[in-house]
Amino acid sequence: MERVKSSKKNILIVDDDVSFAQLLEIVLKDEDYNILVSNNGEKALQLIRGNIFDLILLDIEIPKISGLMVLKYVKEHNPDTKVIILTGHSGIKNAIEALKYGANEFMSKPPSMEDLLMVVKRNLQ
């Protein structure tokens, strides 16, 4: 695995809400980040195995492989990758579980884009 030869930070968005993932992608590309998007856990693991990400924005409630399993894999294989959990109110219990697995932060969905950018920038410093 090689990091893309660029000074841009690499971010993976994992969310099954396609329109929300597209919004995040647009907002983060405007901030000059390299972005890849997955709408399920299986594709997310494929992307994680083939790339080095500085940050992952991860929904817990995703199809095929749960967000918690994706998080566990990331922290075992790429411990330097920051992971921000994005969750709806029904997922607060899971978000707390995710912190135990090593998530760096969690945010309720939908976050304000201003707050999201602040959290992303803080985690990439």
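Of note:
- If you take the alpha carbon atoms of the chain and fit the smallest convex hull around them, that volume is 90 Å³ per residue.
- DSSP-loop GluC sites (Glu not before Pro) across segment 1-76, with at most 16 other Cβ within 10 angstrom: Glu2, Glu31
- Segment 1-109: trypsin sites (Lys or Arg not before Pro) falling in loop per DSSP and having at most 16 other Cβ within 10 Å: Arg3, Lys5, Lys8, Lys64
- Once C-alpha pairs closer than 8 Å and six or more residues apart are averaged by separation and normalised to the residue number of the chain, the relative contact order reads 23 percent.
- Prolate/oblate/rounded label for segment 67-125 (Cα gyration tensor, a/c 1.5): oblate
- Considering only Asn51, Ser38, Leu124, and ranking their Cα positions along the charge dipole of the chain that arises from unit charges at the beta-carbon of Lys, Arg, Asp and Glu, the one farthest toward the positive end is Asn51.
- The charge dipole of the chain, taken about its Cα centre with unit charges on the Cβ atoms of Lys, Arg (+1), Asp and Glu (-1) only, comes to about 400 debye.
Laboratory data are not the source of any read-out in this text; all were calculated from the coordinates shown. Note that the structure is predicted; figures quoted are calculated from it, not measured. Because the Cβ atoms are built from the backbone with ideal geometry, glycine has one as well, and the counts that use them run over all protein chains shown.
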